[in-house]
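Notes for the one structure printed next.
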């Protein structure tokens, strides 16, 4: 099962990324179904699938389904996308392609029963920890540091919208997974890297309040991620 899935994913990655020039993408975005590169792109996918499956006639239905749905999904994305939804449609496009591949593999080599045998307790524990590391910690930080009014420092017109929130979530996820995998050096590296990037802003600000605010936020963020990671490990040992 895993080999067939990986073969089809490999063919998908080749066709959608490695063997698709930027010129083709621009032309498709501009001309949609009229673009000759849309059909070149589908042809590349078809060839890639045939090669990874070694032209095995056993998988003719998989070939037809994947190539056809890939064309329809890409065509739908091209017709619907604009500057506002381009990123989300890209993600949806990739998820749909992978979903089709997963369904096709299931038809040949059933594997959904494997997921039914997974330990629900472990899955729920991981889900709780991930919510804790992302949403819960963000709220806890907001509550703790709300006593300090640093509104003026947050009004940075050059800053990307919601960049701070996204960076915080990503760094806590990295810390959490570093902890549960026992890679403590990764936590130290991440903290050092953040300190280096923040040093320029803090040195230019020349304001002790801002420095202390950033330090408190960083310590809370990392501390919560580490605490949740350790809690996950302890509870996993008890299951």
(Q) Please count how many residues of region 75-101 are under 17 Å from residue 25 (Cβ atoms) and in contact with a helix residue (DSSP H, G or I) (Cβ under 7 Å, 6 or more places away or on another chain). (A) 9
(Q) The conditions are (1) over 20 Å from residue 223 (Cα atoms); (2) modelled with pLDDT of 75 or more; (3) in a helix (DSSP H, G or I), and residue 114 fails exactly one of them. Which is it? (A) (2)
**Q.** Scan of region 68-104 for residues that are surrounded by 16 or more Cβ atoms within 10 Å (Cβ to Cβ) and either within 16 Å of residue 4 (Cβ to Cβ) or touching a strand residue (DSSP E or B) at 6+ places or on another chain (Cβ under 7 Å) (or both), ordered by number
**A.** 97, 100, 101, 104
Q. For residue 57, all conditions in the list (1) assigned by TED's automatic domain parsing to the domain that holds residue 6; (2) surrounded by fewer than 14 Cβ atoms within 10 Å (Cβ to Cβ); (3) touching a residue at least 12 places away in the same chain (Cβ under 8 Å) hold save one; what is the number of the exception?
A. (3)
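The values are calculated or read from the model by the stated rules, or taken from the named source; none is laboratory data. Remember, predicted model here, so these are calculated numbers, not experimental data. Neighbour counts are summed over all protein chains in view; Cβ atoms, including those assigned to glycine, are modelled from backbone coordinates with ideal geometry.
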